[in-house]
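This report concerns only the one structure given below.
The values are calculated or read from the model by the stated rules, or taken from the named source; none is laboratory data. From a predicted model like this one, the values you see are computed outputs, not experimental measurements. No Cβ is skipped: glycine too gets one built from the backbone with ideal geometry, and neighbour counts run over all protein chains shown.
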Amino acid sequence: MLIGELEAVERGETEILLIEMPPGSAKSTYVNYLFPTWAIARNKGWNVISASHSSELAERWGRRTRNLVSEARPVLGYGLAGDSSAAYRWATTNGCEYYAVGVGVGIMGFRGDLGIIDDPFGSREDAESRRIRDRVWEWYTSDFSSRLKPGARRVIMHQRFHEDDLAGRLVAQLDAIGRPYRRLKVRAESLGRESDPLGRPIGTMLWDDPTGYDYGRFLRDRKSELAGDPRTWQALYQQEPTPDTGDYFKREWLIPVTQLPPKDSLRIYGGSDYAVTAGGGDYTVHAVLGIDPDGNPWVVDLWRKQAAADEWVDAFCDLVIKWKPMGWAEESGQIKSGVGPFLLREMNARNAFVAREQFTPRADKAVMAQSFRGLIATKGLRILADAPYRADLEAEMLKFPAGVHDDQVDALGKIGLLVDKMLSGQGPSAEKPKARDGYSDVHREHEEYDVLTI
């Protein structure tokens, strides 16, 4: 797939290609080593600019590519020109030139037909520095772009560290001016066939072949090592960088914990955001929230999948049976879309009983989530540090409401509305006066119990 995208660049079908892939996935081997060598063989007179985050790294790739040209001359049909063979700058016998530079280095006196940027940031620390991000962007716009010929092709390759890094800024710029580009985002772990360019099932690691490179094992080990740092996993391996702190939900509100409190000490509530359009690519989310005696909310369970109704209804019943929630929140419009009777039938068949409360949807998602936001703003939201859903949940919350997905926030937002409704007005009840109508104390106590139950 990557080779196909690069071939489209060489043919001129793609002028700008943005590649986002995790470390160790061989992207530099294909993009910054094999591709320029092959492209020069097919385009007499082409000049190539290859940039990496440091001059030392750029020169290393320049040396490797130069040596490949020398070794593969019979196959390529060209070789190195005798008068120009430095590691960072060399020429070929078919009239091409190659120039390797570090990001930030001036490129005066050279014009490129193909420009390659291979990881413009050397570390997470660099990417998180606003000063360095600004410097990289200024170099890209003032030096790199200005040294490309009209109609030149460019390939920008990234492993993401920050949402405002070069890739993030470039996408925002190209979208704003309406300039076409291709974007290949390959996550280490697939989020499902609908969103994965390789069509991998959800949870499948990239290049998961134990008989070869065994990159899948490496990724599973890294995910385990980063269990306490989901932000790094999301950015570096899933290509979904999240901000240090969100605008709507704050990072300091999200509290990792090592274990949940006893189930019987929690008031349990559930909420769902249903995907009722078959094949629409949307996620169904079932969230289960527990509130402890001190009023602290805990995410005790979460199910999220692009699934047909029969699968998510079955998952819903599983969660109801497991947690026995006091109530379950859902959106009225979704449940009226044909799945309501089916859901009720399955609940009865499996004895998965819970009082379902429907809320009218609002166009403004932030308003719908306001009760949940208020709930966690002072108490925080406790999430198991090693929960498989933690990284995606935190990323979505910190990007809300500007993120691509909001289904998990929608489900939790409905729980916030449900908690507000069920707990509003409750408190110590005042002692009632003796009845004057002949009712006994037993009758009166029973009557009060019925009112509270209703």
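Annotations
- Taking region 115-127 as the range and being free of Cβ contacts under 8 Å to residues at least 40 places away in the same chain and either surrounded by fewer than 18 Cβ atoms within 10 Å (Cβ to Cβ) or outside the structural domain of Ser55 (by TED's automatic domain parsing) (or both) as the test, the residues that pass are Ser123, Glu125.
- Flag if Arg217 is basic (Lys, Arg), at negative phi, surrounded by fewer than 17 Cβ atoms within 10 Å (Cβ to Cβ) and part of a loop (DSSP other than H, G, I, E, B): no
- Qualifying residues in region 73-104 (those that are charged (D, E, K, R) and assigned to a strand (DSSP E or B)) - the one surrounded by the most Cβ atoms within 10 Å (Cβ to Cβ): Glu97
- Count of residues meeting criterion [within 21 Å of Ser25 (Cα to Cα) and at pLDDT 95 or above] in region 167-182: 1
- Scan of region 1-51 for residues that are without any contact (Cβ under 8 Å) to a residue 60 or more places away in the chain and of a type in the set (Val, Ile, Thr), ordered by number: Ile3, Thr29, Thr37, Ile40
- Residue that is touching a residue at least 24 places away in the same chain (Cβ under 8 Å), over 30 Å from Ser129 (Cβ atoms) and either β-branched (Val, Ile, Thr) or not assigned by TED's automatic domain parsing to the domain that holds Phe400 (or both), where the choices are Ile268, Ile255: Ile268
- Residue selected from region 287-336 under the condition of a type in the set (Lys, Arg) and assigned to a loop (DSSP other than H, G, I, E, B), by the criterion surrounded by the fewest Cβ atoms within 10 Å (Cβ to Cβ): Lys336
- For Trp139, the criteria (1) aromatic (Phe, Trp, Tyr); (2) part of a loop (DSSP other than H, G, I, E, B); (3) more than 29 Å from Ser70 (Cα to Cα) hold in every case but one, which is (2).
- The single condition among (1) over 20 Å from Lys305 (Cα atoms); (2) charged (D, E, K, R); (3) at pLDDT below 85; (4) surrounded by 12 or more Cβ atoms within 10 Å (Cβ to Cβ) that Asp420 does not meet is (3).
- Subset of region 371-395 (residues that are surrounded by 16 or more Cβ atoms within 10 Å (Cβ to Cβ), not in a loop (DSSP other than H, G, I, E, B) and not charged (D, E, K, R)): Ser371, Phe372, Leu375, Ile376, Leu381, Ile383, Leu384, Ala391, Leu393, Ala395
- Whenever a residue of region 71-94 is over 19 Å from Ser50 (Cα atoms), its partners that are β-branched (Val, Ile, Thr), lying with C-beta atoms within less than 6 angstrom and at least six residues away or across chains, give the pairs Tyr78/Thr92; Tyr78/Thr93.
- Within region 1-27, being small (Gly, Ala, Ser) and at pLDDT 95 or above holds for Gly4, Ala8, Gly12.
- Conditions (1) within 21 Å of the chain's Cα centre (by Cα); (2) assigned to a strand (DSSP E or B); (3) not β-branched (Val, Ile, Thr): number failed by Leu114: (1)
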